[in-house]
Amino acid sequence: MGKYSQIQQSDEELMVQVMGHQSPSSAKQAELALVELHARYSKKLLGYFIKMLNKDVALAQDFVQELFLKIMEKKHLFDPEKKFYSWVFAIASNMCKTAYRHHGKTISLNPEVVQPTALDDSSLEKKEFIAALHKSIENLEHYHKTVFVLRYLEHFSLNEIAEITESSLGTVKSRLFYATKKITESLRHYDPSFETALFKLN
Amino acid sequence: MEDHMSRLFDLIESKSFEELDSEERSFVLSEISEEEYRLQRKVLASAEELQFEEAEPLPLVLPKGNKPVLARSVPLYQVLIGAACLLIGFFVFSSKQGSSIDIRFLENPLQVSLTNTPGEVKVIHDTIVEKLNLRSPIQVVRDTITLVQTVFVNRNETRMLEASTALNSIPLDKNLLETKTLSAKEDGSMRFLPMLNDFGSMK
């Protein structure tokens, strides 16, 4: 089966080929299928890991490589009835959670409150606001950070996030609400009246 | 509670504060302040504008073929079983010259030692030497009493001068040397015996 036909196959069909590696003759086919999945998902996964791992690009690259090795190891756990993206992002989220446990990347109980320095310079204040927002997202607890990044930085739908996190839609929404609430607590010094001029919600 | 948070989230994501109808506005204000509502919307709008470093993913590196034996990960229980088998095998098949297990009994001193032949055990009692083939030296330790019985009960030859095992030896102590009988003078039953003087007068 050539590379052209692999491009036409769905993610789930490719993953079935990876799972079906039982003989040396199918090993090559499984390898090609995995390489195609890597081509489709590696950039998005790298972006996700960069956001989840506090912008550590080198660590994010390692995580992408390790994730595809995990796909090979745990290919028997994939359910062909379900979506591949939800399975692979669930693995990615669990890797981040494990990294937090080992390296102590958890939120502080007293998040840093950033004080704006120049209230009359709107562009400078916006820059400070953005910097403070970055910091606040980094400091979120794992479950809140996962849903916030998937929703507002990776642009997944609420149903997709529910599949990835294996939780209900209501749970996803409440986690998103609490994540946003946590962020606003550390940004409350910024006057929301600037909203209409500087920020527009799509 | 989750329903309230879920509804609040839906409103924050979809409507500005001015776009809320009266019922929605009263619901929102029962949960959070107007300032917080506006700030949360500001945070969500800003988040979508955040920029992160763009990077190209590195090429996928797949492991080549089978891993070498030493590079494979082995479950811990298999390691423990292997180590135990190695120890048992070493214990069973290795034997050193002159190695012995000295098992002493108070009444029948006995020496048990491993010979140069694997699986063979030498049992020595006094001048009697018996060689027994055993499945493992572990059996020597565990079945010592049985082993002693095997040596003494099943052996065909016995020493000429050896005392029987059934004989209960009486421990020698000063009690044995003490006389416990009464003298003739003190013995009351002596009066029933004829006097010696009478024998002399009988004709």
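Is the range A:88-105 home to any residue that is within 12 Å of chain B (Cβ to nearest Cβ), more than 21 Å from B:Leu11 (Cα to Cα), modelled with pLDDT of 75 or more and surrounded by fewer than 17 Cβ atoms within 10 Å (Cβ to Cβ)? No, the conditions are met nowhere in the range A:88-105.
One residue stands out in the range A:148-162 among those that are assigned to a helix (DSSP H, G or I) and of a type in the set (D, E, K, R): the one that is surrounded by the fewest Cβ atoms within 10 Å (Cβ to Cβ), namely A:Glu160. Only a single criterion out of (1) open to solvent by less than 50 Å² (accessible area, probe 1.4 Å); (2) in a helix (DSSP H, G or I) is not satisfied by A:Lys127, namely (1). Looking across the range B:2-31 at every residue that is of a type in the set (D, E, K, R) and within 60 Å of the chain's Cα centre (by Cα), the one that is surrounded by the most Cβ atoms within 10 Å (Cβ to Cβ) is identified as B:Glu2. Within the range A:12-34, restricting attention to residues that are within 17 Å of A:Glu73 (Cβ to Cβ), surrounded by fewer than 17 Cβ atoms within 10 Å (Cβ to Cβ) and within 11 Å of chain B (Cβ to nearest Cβ), which residue is modelled with the lowest pLDDT? Ranking the qualifying residues of the range A:12-34, first place goes to A:Ala27.
For residues in the range A:35-66 being under 19 Å from A:Cys96 (Cα atoms), among the aliphatic types (A, V, I, L, M) and at the interface with chain B (Cβ under 10 Å from one of its Cβ atoms), which is farthest from the chain's Cα centre (by Cα)? My answer is A:Ala58. Screening B:Gly82 on (1) modelled with pLDDT of 65 or more; (2) open to solvent by 90 Å² or more (accessible area, probe 1.4 Å); (3) within 60 Å of the chain's Cα centre (by Cα) shows it passes everything except condition (2).
Only a single criterion out of (1) of a type in the set (D, E, K, R); (2) over 60 Å from the mean Cα position of the chain (by Cα); (3) within 8 Å of another protein chain (Cβ to nearest Cβ) is not satisfied by B:Glu34, namely (3).
Taking the range B:37-57 as the range and being facing chain A (nearest Cβ under 7 Å) and part of a helix (DSSP H, G or I) as the test, the residues that pass are B:Arg38, B:Leu39, B:Gln40, B:Arg41, B:Lys42, B:Val43, B:Leu44, B:Ala45, B:Ser46, B:Ala47, B:Glu48.
The values are calculated or read from the model by the stated rules, or taken from the named source; none is laboratory data. Please read all numbers here as calculations on a predicted model, not as lab measurements. All Cβ positions, even for glycine, are placed from backbone atoms using ideal geometry, and neighbour counts span all protein chains on display. Just the protein is used for accessible areas: all its heavy atoms, side chains included, with ligands, DNA and RNA removed. Shrake-Rupley method; radii C 1.70, N 1.55, O 1.52, S 1.80 Å.
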